[in-house]
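The values are calculated or read from the model by the stated rules, or taken from the named source; none is laboratory data. Worth saying up front: this structure is predicted, and the values here are computed from it rather than measured. Note: ideal-geometry Cβ built from the backbone for every residue, glycine included; neighbour counts use all protein chains shown.
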Amino acid sequence: MCALRAAVGGLHGAEQLLLEQVRVLLVQQLVGAAEGRERHGEIVDRGGDGVEQVLPRLGDVVGHRAQTSVVCRMSAPARNLVNLKAVGKGYGSRSVLSDITLGIAAGDRIGVVGRNGDGKSTLLRLIAGVEEPDTGLVTRSGDVALSLLGQGDDLDPARTIREELVGDRADHEWAGDAVFRGVLDGLLGGVGLDRFPDGIDTPIGPLSGGERRRIALARLLLGSPELLLLDEPTNHLDVEGVDWLARHLRGRWPADRGGLVVITHDRWFLDRIATHILAYEGTDEHPDKWYWFEGNFEAYEKNKVERLGEEATRPHRVTYRKLTRD
């Protein structure tokens, strides 16, 4: 945890703004290695579980009128869940992903954004191990349990909702389970499953795609994977369902536990769950460009304007390269 302490009563508005900008920069760039290599200041103490850094000279940027320091105690590194190194994937002659390097650690809540067809779903399938990369390497911690909600579902149309969600559990067991009840309330209309004609004994086969999608999401959330991979989970959810899902995911694990990678076009949803954004920013000149950002989607949009200008955040019509003959 890091904190900036400053006595800023004597500072003018511009100086306070500069101090805040320096604070943000320092928090983003503070040392990340367990051994505590020096950045911006000097290491003054080494503890058994981390490193304390003090930066006593920050007040110099505002003419010595602020008594300012940053203290940061580094905790143990987060548990690594999945790593992708120089991964590439294509179908036929079309390259979908190229040279992707990404690490997912416990505590990460990653929102993946971009246009349709940019390889986002392929990325999730590679992380899950559903598909193998053409080039590069995907490694997973040996004991990591993960679950993928793809754009389709693997529900058996011959089974009932009870068989998909409850299995052999007695009614009094699952109905008395607070987590189970919470998921049913949030996604399926409560314990009685009133939105379905035969309640929990409704067959899967006749259900609509949206109803099947809710059941598939509920089944995934009733499990206990350490890493959730969700491809457009808010599709087919109403406003109340989206709100419930955001609250559920925020409270599902402690801040330094579990992992989430989610593809969605729902900006409201992203702003409430994401700690990081992985954004496709490819152009005709640089078709394989992805950008990694620490923060939610609103913060990413502001950062994108600062880097690329207002025009970069406006929707653009998809263009295609002209076909040429050899």
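Just a few scattered comments:
- Some residue of region 206-228 being at positive phi and either touching a Pro at 6+ places or on another chain (Cβ under 7 Å) or at pLDDT below 95 (or both): no
- Region 282-298, subset of a type in the set (D, E, K, R) and without any contact (Cβ under 8 Å) to a residue 60 or more places away in the chain, residue surrounded by the most Cβ atoms within 10 Å (Cβ to Cβ): 298
- Applying the criterion of being part of a helix (DSSP H, G or I) and aliphatic (A, V, I, L, M) to the residues of region 211-243, the residue that is surrounded by the fewest Cβ atoms within 10 Å (Cβ to Cβ) is 239.
- Residue within region 294-311 that is touching a strand residue (DSSP E or B) at 6+ places or on another chain (Cβ under 8 Å) and at pLDDT below 90 present: no
- Scanning region 254-274 for residues that are touching a residue at least 60 places away in the same chain (Cβ under 8 Å) and either over 18 Å from residue 229 (Cβ atoms) or in a loop (DSSP other than H, G, I, E, B) (or both) yields a total of 7.
- Flag for residue 265 being loosely packed, with under 14 Cβ neighbours inside 10 Å and within 26 Å of residue 236 (Cα to Cα): yes
- Note on region 90-119: residues that are of a type in the set (Lys, Arg) and modelled with pLDDT under 95 total 2.
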